[in-house]
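The values are calculated or read from the model by the stated rules, or taken from the named source; none is laboratory data. Since the structure is predicted, the reported quantities are computational estimates derived from the model, not experimental observations. So basically every Cβ, Gly included, is an ideal-geometry build from the backbone, and we count neighbours across all protein chains shown. Ligands, DNA and RNA are excluded from the accessible area calculation, which covers all protein heavy atoms including side chains. Shrake-Rupley method; radii C 1.70, N 1.55, O 1.52, S 1.80 Å.
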Number of protein chains: 2
Amino acid sequence: MTVELVCVGTELLLGNIVNTNGAYLAEKCAELGLSSYFQTVVGDNEERLGETLSQAVKRSDIVIVCGGLGPTEDDLTKETAARVLGKELKLSEQVKETIEAYFQKRGRKAAQNNWKQAMVPEGALVLENKNGTAPGLILEAQDCRVILLPGPPGEMIPMFEEQAVPYLRRLSPEVICSKTVKICGIPESQAEIMVKDLIDTQTNPTIATYAKTGEVHIRVTARASGKKEAQALIKPVVKELKRRFGHAVYSTKAGCTLEQAVVELLKKKGLTVTCAESCTGGMLSARLVNVPGVSDVYRTGFVTYSNEAKHEFLKVKKSTLKKHGAVSAETAAQMALGAARSGKADVAAALTGIAGPEGGTSKKPVGLVYIACSVRGKVIVKRYVFTGNRQKVREAAVASALTLIRDCIRCYG
Amino acid sequence: MTVELVCVGTELLLGNIVNTNGAYLAEKCAELGLSSYFQTVVGDNEERLGETLSQAVKRSDIVIVCGGLGPTEDDLTKETAARVLGKELKLSEQVKETIEAYFQKRGRKAAQNNWKQAMVPEGALVLENKNGTAPGLILEAQDCRVILLPGPPGEMIPMFEEQAVPYLRRLSPEVICSKTVKICGIPESQAEIMVKDLIDTQTNPTIATYAKTGEVHIRVTARASGKKEAQALIKPVVKELKRRFGHAVYSTKAGCTLEQAVVELLKKKGLTVTCAESCTGGMLSARLVNVPGVSDVYRTGFVTYSNEAKHEFLKVKKSTLKKHGAVSAETAAQMALGAARSGKADVAAALTGIAGPEGGTSKKPVGLVYIACSVRGKVIVKRYVFTGNRQKVREAAVASALTLIRDCIRCYG
């Protein structure tokens with residue numbers, strides 16, 4: 001089956017935002033075994049959107065349209081799709097109630113234009129929006145199915161995964177199964193070399209690598225007549241990947257994040273963790289707290305941006321700060337040990353670095369970050385130099401810190 | 001004049017990479033005053049690429065094609081473009097020499113398939129590639145110009161800026177300027193109603209609203225013969241928007257974020273800030289630390305996830321935690337006041353809530369967050385109920401906290 005993506009939004013045409021929805025949906029559709037030949041970006045313009053949709057429904061089995069479902073005047077996707085497929089819009093009491101409930105929950109009243117969102121094309125399947133007011137829709141025509149999704153990724157992604165994916169699975173005659181081997185601490189280029197022979201020789205299952213910040217994900221995807229058969233094709237390849245990457249594999253579970261793997265490992269070892277952050281300013285703690293139930297292992301964390309704070313809350317020696325500077329292996333080590341003491345935690349990770357854009361020197365360039373991890377008083381410090389802007393440097397540092405925590409508790413915990 | 005982008009590459013259709021070339025080219029074209037109505041992604045397939053290009057040259061004045069100029073068999077862009085425009089391919093001695101020079105410089109010999117890259121459609125302008133072997137090309141047909149660029153950003157961007165931009169400037173009579181009015185604390189549907197009349201009546205400049213987490217951005221875009229003229233069209237509309245939204249407008253500066261506006265306001269008022277976070281686990285501090293030079297106003301922050309940590313580091317009374325619970329207005333207020341004291345800061349923001357997915361009750365549902373802000377001992381607490389998954393609730397809470405900090409220092413700072 002063929003799928004075609006249509007992303008709607010003037011901000012995409014103006015280049016105000018990068019089309020991450022397109023990449024996300026393309027990746028998911030490939031996982032589902034759908035062949036993708038075209039992606040189109042078009043603005044909130046009825047004529048051009050109509051032209052694009054008419055062409056798409058003619059040449060593709062499934063059309064996924066993303067964006068333009070909001071309450072505002074220039075949101076035309078639903079109306080245009082209904083017109084192209086010759087369907088009437090009718091008020092849906094069900095959707096109206098959902099929107100009312102959404103606003104009641106916030107103690108707010110729905111604005112008049114929110115009711116526009118309760119109009120639904122006849123015969124459409126409604127996809128509930130748990131993160132906003134615009135419902136998604138599935139319109140079924142003779143030889144094509146059109147799936148309308150909201151534009152904001154925070155609304156689109158959960159809706160797609162929870163409601164559109166099961167629908168799409170039912171359409172495809174073949175079963176497509178995939179398993180992702182998630183690796184941390186190995187650069188993508190190296191990971192690719194380590195699996196190139198497999199990628200070149202494998203056709204079913206196929207193998208593809210995806211670079212994430214500080215991680216590489218290797219997806220193994222098999223097609224077969226049944227789930228069992230597909231899984232049987234995947235199993236030996238995953239086993240081989242685990243053999244090649246060893247401890248660098250942090251999970252093969254769907255939806256398992258690096259922070260989740262770290263939290264699970266801490267729980268398994270009965271260890272608690274705390275964080276002392278300078279340049280990352282709380283991002284490491286925030287990632288750990290992403291994990292539901294983290295309270296078993298995480299109680300407190302410290303953001304010590306100034307030298308005074310490093311001294312007062314983490315007992316970093318003033319002489320150390322003076323002699324080696326805030327961005328040094330010595331400071332990082334004392335931050336970790338101090339955080340473990342103050343936070344009464346078995347494990348402590350500390351980060352101090354120069355995120356930029358200013359503050360770099362020839363000896364301490366922008367991107368330099370020292371990360372320390374202490375486990376029951378034993379401390380290890382690593383030096384990293386990351387590239388990219390302030391935000392990229394900080395994200396990369398947090399990913400490396402999670403990897404370092406994992407390595408340290410594996411070895412000493 | 002209208003421009004249309006065609007990005008060629010299977011890796012885009014599979015979602016292996018995000019289409020940053022598309023966003024880059026779209027933004028540059030908008031700056032050049034070119035109207036962009038369509039962007040298409042298509043694979044290295046002669047038939048579908050041909051179909052896409054035929055349609056593009058019919059409906060647009062300029063077509064920019066990116067990718068598929070490499071030396072390999074499946075790079076078909078040049079051949080397909082030549083066929084669609086009815087042009088013969090001829091060997092270009094000039095290009096042949098450039099490629100020879102490129103390899104000589106690297107002490108390598110050109111592979112046989114590199115000569116494929118020396119074949120040029122008759123009458124085409126050649127754009128030199130200083131960072132690779134694939135030259136860019138400009139093909140001029142009756143009512144359309146087709147610009148072929150290599151896919152790798154490191155080759156495409158310099159070629160576009162140095163050689164394509166001057167060419168496009170000569171074509172385009174108009175410039176486009178836009179200004180974005182950034183608003184916090186007002187939901188999109190409400191903001192939309194407040195500007196509906198302007199959106200409906202304005203054609204130049206145009207007005208569009210964009211929803212962000214906890215923010216609404218209103219972009220005003222004008223076309224004119226010159227930059228001055230365009231800015232003159234924008235000015236009165238921006239003034240009117242500022243009048244309507246008043247203090248809710250946090251910035252009209254390009255690239256200015258809400259956290260940046262808050263940090264600038266703190267600097268202006270000579271105030272320092274700290275954060276005490278429970279459910280957000282450091283996200284608020286992390287957003288403030290996004291801002292370069294934040295060290296003037298931010299020294300330290302507290303992540304107090306457990307009750308013990310709230311008591312130990314923020315001096316929240318055990319009786320308060322016992323009587324009202326960790327997620328309560330009383331606890332939030334004590335967290336803020338305690339953080340201001342421990343962190344020696346003028347301003348303190350505190351967040352405590354139920355991010356979910358577990359832990360909700362009928363009285364305290366998932367999504368309930370209390371946010372407190374204290375300014376020099378004066379504390380305000382607000383109650384919010386956010387929807388969405390754990391991550392979404394936390395992001396919305398952080399945006400609301402930044403808005404609350406801003407309001408509080410505006411009123412009491």
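For B:R106, tell me the accessible area in Å² from a 1.4 Å probe, rounded to the nearest 10.
Rounded to the nearest 10, the figure is 100 Å².
Partner chain Cβ atoms within 10 Å, averaged over the residues of B:22-31 - can you pull that number for me? Mind showing how you got there, number by number?
Details: counts 8, 10, 2, 1, 10, 6, 1, 3, 5, 2.
Mean inter-chain Cβ contacts per residue within 10 Å come to 5.
Using Cα pairs under 8 angstrom and six or more residues apart, how large is the relative contact order of segment A:102-156, in percent?
This gives 24 percent for segment A:102-156.
Could you give the nm distance between label points at B:S54 and A:D61, where each point is 7 Å from its Cα heading toward the beta carbon?
It works out to 2.5 nm between the two label points.
Quick one: net charge of B:V303's neighbours, Cβ under 11 Å, K/R +1, D/E -1?
Values: positive: A:R299, B:K310; negative: A:E277, B:E277.
Overall, the nearby charge balance is 0.
Below 13 angstrom from the Cβ of A:H217, what's the summed charge of the other residues (Lys, Arg +1; Asp, Glu -1)? Numbers along the way, then the final one.
Details: positive: A:K179, A:K182, A:K212, A:R219, A:K253; negative: A:E27, A:E31, A:E188, A:E192, A:E215.
Charge balance near A:H217 sits at 0.
Please enumerate, by chain and number, the lysines with C-alpha under 26 Å from the C-alpha of B:K58, excluding those fewer than 8 residues away in the same chain.
Partners found: A:K58, B:K28, B:K78, B:K87, B:K90.
On average, how many beta carbons from a partner chain sit within 10 Å of the beta carbon of a residue in A:115-121?
Working: counts 0, 1, 1, 0, 0, 0, 0.
The per-residue average across the peptide is 0.
Between copies, how far does the label point of A:N204 sit from its twins, in nm, shortest first, when each point is 7 Å from Cα along Cα→Cβ?
Here A:N204 shows inter-copy label distances of 5.8 nm.
Indicate the gyration tensor shape class of segment B:284-360 (rounded, prolate or oblate), computed on the Cα atoms with a ≥ b ≥ c the square roots of the eigenvalues: a/c under 1.5 is rounded; otherwise a/b larger than b/c is prolate and the rest oblate.
The shape class here is oblate.
Less than 14 Å Cβ to Cβ from B:G356, Lys/Arg counted +1 and Asp/Glu -1: what total charge do the surrounding residues give?
Residues close to B:G356 contribute a combined charge of +4.
Top to bottom by accessible area (1.4 Å), largest first, where do A:S251, A:S54, B:S295 land?
Accessible-area ranking of A:S251, A:S54, B:S295, largest first: B:S295, A:S54, A:S251.
Using the 7 Å Cα-to-Cβ label point, sort the distances from A:S362 to its equivalents in the other copies shortest first and give them in nm to one decimal.
7.2
Rounded, prolate or oblate: pick one for segment A:299-413, where a ≥ b ≥ c are the square roots of the eigenvalues of its C-alpha gyration tensor, a/c under 1.5 means rounded, and failing that, prolate if a/b is larger than b/c, else oblate.
oblate
Could you tell me whether segment A:110-176 comes out rounded, prolate or oblate from its Cα gyration tensor? Rule is a ≥ b ≥ c as square roots of the eigenvalues, rounded for a/c under 1.5, then prolate if a/b exceeds b/c, otherwise oblate.
Oblate, since a/c reaches 1.5 and b/c is not below a/b.
Mind grabbing the accessible area of B:Y412 for me, 1.4 Å probe, Å², rounded to tens?
100 Å²
Would you list which lysines come within 17 Å of A:K235, measuring only between C-alpha atoms, while excluding same-chain residues fewer than 8 positions from it?
Hits, sequence-local ones excluded: A:K179, A:K182, A:K227, A:K253.
Would you please report the Å³ per residue occupied by the convex hull of the alpha carbon atoms in chain A?
174 Å³
List residues of segment B:51-73, by number, whose backbone nitrogen lies under 14 Å from a label position 7 Å along Cα→C-beta of B:M119.
B:69-73
Give me the distance between the Cα centres of segment B:51-89 and segment B:146-212, rounded to whole Å.
26 Å
How crowded by other chains is A:309-318, given as the mean number of beta carbons from other chains within 10 Å of each beta carbon?
That average works out to 2.
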